[in-house]
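Trainee: One structure coming up, written as structure tokens, with questions to follow.
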Amino acid sequence: MKHPLSQASITVWLLLYSIANSIAQSPAPPAFGPFPTKLESQHLPNLVQLHQRVFSGGLPEGPPAFQELVERGIKTIITVDGAAPDVDSAKQLGLRYVHLPHGYNGIPAQRVQELAKAVSELEGPIYIHCHHGKHRSPAAAAVACVSAGLIPTTVAADVLKIAGTDPNYHGLIKAVSEARPMPFEQLRQLRVTFQESIELPPLTQAMVALEEAHER
């Protein structure tokens, strides 16, 4: 005579085996979450999230834009635009501004390292912006996140597609395609003095103004 629990034990074992097999065959979740992704925003143009702590977008103009940054938990704003940032409005809400400008023709190697250092060590979440949030800031955010090891190189190009970056900006496209993770020790030892506003040389200011006029 069979033990009365034997059939129940077999049933339970089969059920557990079925569950385990189902889990093993199901696709693994993406290692870097659902990013990059485009976000809806009333006051921040072309808002894209690349990582839990890194966003890119356009210039925050006026109190509602800065308030939205606060509501999204942003602690540090990095501008890669040539224009002087609105440091006072940011400070009134407890936000830190960092100025790391670059042009439309690419991102210099030194600036890439500084951006990587910034997204690695400055208080986050971090919002990186240019004027429109379509070209320079998504490129800067992408190279920063790749160089800091926050996102894989395989999704960096997707950031530009989502932001609507013009493929004719070959320097920006190249900077993103060539971005690679920096060695941890090199990134840790890198010394950067982050400034809230940088005075650009007159010629650089004129070039930035021409580029922005052309973009508009």
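The values are calculated or read from the model by the stated rules, or taken from the named source; none is laboratory data. Remember, it's a predicted structure, so these values are computed and weren't measured experimentally. Please note: Cβ atoms are built from the backbone with ideal geometry, for glycine as well, and neighbour counts cover all protein chains shown. Calculation scope for accessible area: heavy atoms of the full protein, side chains included, ligands and nucleic acids excluded. Shrake-Rupley method; radii C 1.70, N 1.55, O 1.52, S 1.80 Å.
Trainee: Looking at Phe194, Phe184 in this structure, which one is within 19 Å of Phe55 (Cα to Cα) and open to solvent by 30 Å² or more (accessible area, probe 1.4 Å)?
Mentor: Of Phe194, Phe184, the one residue that is within 19 Å of Phe55 (Cα to Cα) and open to solvent by 30 Å² or more (accessible area, probe 1.4 Å) is Phe194.
Trainee: In the range 48-76, what residues are open to solvent by less than 20 Å² (accessible area, probe 1.4 Å) and of a type in the set (Gly, Ala, Ser)?
Mentor: Ser56, Gly57, Gly58, Ala65 - these are the residues of the range 48-76 that are open to solvent by less than 20 Å² (accessible area, probe 1.4 Å) and of a type in the set (Gly, Ala, Ser).
Trainee: Here's something else I'd like to know. Are any residues in the range 90-129 touching a Pro at 6+ places or on another chain (Cβ under 7 Å) and surrounded by fewer than 22 Cβ atoms within 10 Å (Cβ to Cβ), and if so, which ones?
Mentor: Of everything in the range 90-129, those that are touching a Pro at 6+ places or on another chain (Cβ under 7 Å) and surrounded by fewer than 22 Cβ atoms within 10 Å (Cβ to Cβ) turn out to be Tyr97, His99.
Trainee: Would you call Ala90 touching a helix residue (DSSP H, G or I) at 6+ places or on another chain (Cβ under 9 Å), modelled with pLDDT under 95 and under 19 Å from Ile198 (Cα atoms)?
Mentor: Judged against the criteria, Ala90 is not a match.
Trainee: Something else now. Under 6 Å between Cβ atoms, at least 6 apart or on separate chains: pull out the pairs that start in the range 59-82 with a residue that is farther than 19 Å from Ala140 by Cβ and end on any residue that is loosely packed, with under 14 Cβ neighbours inside 10 Å.
Mentor: Phe66/Leu93; Val70/Leu93
Trainee: Where residues in the range 106-127 are aliphatic (A, V, I, L, M) and in contact with a helix residue (DSSP H, G or I) (Cβ under 9 Å, 6 or more places away or on another chain), which of them is nearest to Val54 (Cα to Cα)?
Mentor: The selected residue is Ile126.
Residue-by-condition table, conditions (1) farther than 15 Å from Leu50 by Cα; (2) in a helix (DSSP H, G or I); (3) basic (Lys, Arg); (4) open to solvent by less than 30 Å² (accessible area, probe 1.4 Å):
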position	(1), (2), (3), (4)
Ala140	no, yes, no, yes
Cys145	no, yes, no, yes
Ile151	no, no, no, yes
Ala156	no, yes, no, yes
Leu160	no, yes, no, yes
Pro167	yes, no, no, no
Leu172	yes, yes, no, yes
Arg180	yes, no, yes, no
Arg188	yes, yes, yes, no
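Trainee: Any residue at all in the range 177-196 that's under 19 Å from Pro60 (Cβ atoms) and of a type in the set (Gly, Ala, Ser)?
Mentor: No - not one qualifying residue is present in the range 177-196.
Trainee: Which residues, taken from the range 77-89, are of a type outside the set (Asp, Glu) and either assigned to a loop (DSSP other than H, G, I, E, B) or surrounded by 21 or more Cβ atoms within 10 Å (Cβ to Cβ) (or both)?
Mentor: Once the filter is applied, which keeps residues that are of a type outside the set (Asp, Glu) and either assigned to a loop (DSSP other than H, G, I, E, B) or surrounded by 21 or more Cβ atoms within 10 Å (Cβ to Cβ) (or both), the range 77-89 yields Ile77, Ile78, Thr79, Val80, Gly82, Ala83, Ala84, Pro85.
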